[in-house]
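The values are calculated or read from the model by the stated rules, or taken from the named source; none is laboratory data. Keep in mind that this is a model prediction, so the values were computed, not measured. All Cβ positions, glycine included, derive from the backbone under ideal geometry; neighbour counts span all protein chains shown.
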Amino acid sequence: MLKLPEKSLALGTTRNIMREIFEYGKLRSAEVGAENVFDYSLGNPSVPAPLCVNDMINELLSGNEASSIHAYTSAQGDLRNREALASSLMRRFGGNVSPSDIYFTVGAAASLTCTFHGLTVEGDEYVLLAPFFSEYKVFIEGAGGKIVVTPPNFENFMPDFKAIENAINENTKGIVINSPNNPSGVVYDEETIKELASLLDKKSKEYNHPIFLITDEPYRELVFEGVKAPWVPSFYDNTIVCYSYSKSLSIPGERIGYIFVPETVEDHDKVYASICGAGRKLGFVNAPALFQRVAALCDGETADVSVYEHNAKLLYSSLTKMGFECIKPGGTFYLLIKAPIPDANEFCLKAREFDLLIVPTDSFMCPGYVRIAHCVPTERIERSMQAFEKLAKYYFQS
């Protein structure tokens, strides 16, 4: 009788609600026409990549590097690319950054997975701040760790520091933050990061070991006018940055990102080596060579964030006028709304009746809310307003 690992089998047969809704949307579009289905399920950027991306690709493929650009690189990334990225990070954020602080990865998922596998020993726990990307649980438990979930302050979706402090104990290896946040769009300001850093400093001293602050930053550049996403390593020494270019450069299918282990991290060389070893163990070595080079040379460039900001404002103002309670986003391309009934899944099924495909955030550890991914053409949002009005009428005027 065939035996398979139960955890892997369970993950492979468990539905991903966002993908399920996306697949439903494709089937529904075939029935009624794509223009009549308003799919807000996936965070798939609709804004084209900045010009530098295609320009750099063309230059690399037609220039002196054309014969070698597709070759293997060092496991942690080509040295020239790590040097270029280190220079960019120092120019943008200050501090000292060395190529030996950087590990190029196959997107943010690999960044996080390598980090957790590089840090985790038996008994380790990680504090997660709800709402958070559901795969964090998979990544951490796959590395042998345990998750401890804390709720947000539901008034503004900022961290609940009392809950965080109560969650930290002698087994806490790290805390994971995602700001700008998926799914809420909330951006942690400088004061929030400072307060978190102060708490972790205190707890690290109390338990006599470093508590790492792992910051997942695929949306770092996707902030709106007047909002700034702080550079976390400036405020806390034991920070590890996990980054992806999928959203900033609108290249999610190219799967490129990096891990940055600042020189201030305690036992830096061992931590970096362990992360490299985790990459080797998992087979996450030699991230795509062409896009290592493209990402390093285009670091800091962004797609047209103004489109996402316009979409967010349009949805927020329109939906709040209809009676929906929305969390005002400071960035990303997500809008979080509170379901008008306790069961957000039931609310999303009702929305389907009007061909509105939105995602309940139960898997983000935030039941009772719904995520709208507005990284879609603005015209789709405008056309969907009548459907949202019908949905609002059903709940607020029936």
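Points to keep in mind about this one:
- Among the residues here, LYS3 does not qualify as outside any loop (DSSP other than H, G, I, E, B) and either surrounded by fewer than 17 Cβ atoms within 10 Å (Cβ to Cβ) or of a type in the set (S, T, N, Q) (or both).
- Residue ID - farthest from ASN171 (Cα to Cα), chosen from residues in the range 186-229 that are among the β-branched types (Val, Ile, Thr) and touching a Phe, Trp or Tyr at 6+ places or on another chain (Cβ under 8 Å): VAL186
- Residue match in the range 25-35 (condition: within 25 Å of PHE133 (Cβ to Cβ) and surrounded by fewer than 17 Cβ atoms within 10 Å (Cβ to Cβ)): yes
- Looking only at residues in the range 303-321 that are surrounded by fewer than 18 Cβ atoms within 10 Å (Cβ to Cβ) and either under 21 Å from ALA229 (Cβ atoms) or in contact (Cβ under 8 Å) with a residue 12 or more places away in the chain (or both), the one that is farthest from the chain's Cα centre (by Cα) is LEU314.
- Consider the range 83-136 and keep the residues that are among the charged types (D, E, K, R) and outside any strand (DSSP E or B). The one that is farthest from ILE168 (Cα to Cα) is GLU83.
- Within the range 128-144, tally of residues that are acidic (Asp, Glu) and more than 13 Å from the chain's Cα centre (by Cα): 1
- Of all residues in the range 60-74, those satisfying the criterion of being within 23 Å of GLY253 (Cβ to Cβ) and touching a helix residue (DSSP H, G or I) at 6+ places or on another chain (Cβ under 9 Å) are LEU60, LEU61, GLU65, ALA66, ILE69, HIS70, ALA71, TYR72, THR73.
- GLU170 falls short on exactly one of the conditions (1) part of a loop (DSSP other than H, G, I, E, B); (2) out of contact with any helix residue (DSSP H, G or I) (no Cβ under 8 Å at 6 or more places or on another chain); (3) surrounded by fewer than 22 Cβ atoms within 10 Å (Cβ to Cβ); (4) modelled with pLDDT of 95 or more, and that condition is (2).
- The range 137-159 - residue that is assigned to a loop (DSSP other than H, G, I, E, B) and touching a residue at least 12 places away in the same chain (Cβ under 8 Å) and, of those, farthest from ALA108 (Cα to Cα): ASN156
- A single entry from SER68, SER100, SER88 fulfils the requirement of being free of Cβ contacts under 8 Å to residues at least 12 places away in the same chain and surrounded by fewer than 22 Cβ atoms within 10 Å (Cβ to Cβ): SER68.
Here's the yes/no breakdown for (1) over 23 Å from the mean Cα position of the chain (by Cα); (2) touching a residue at least 24 places away in the same chain (Cβ under 8 Å):
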{"residue": "GLU346", "(1), (2)": "yes, no"}
{"residue": "GLU353", "(1), (2)": "yes, no"}
{"residue": "PRO360", "(1), (2)": "no, yes"}
{"residue": "TYR369", "(1), (2)": "no, yes"}
{"residue": "HIS374", "(1), (2)": "no, yes"}
{"residue": "GLU379", "(1), (2)": "yes, no"}
{"residue": "GLU389", "(1), (2)": "yes, yes"}
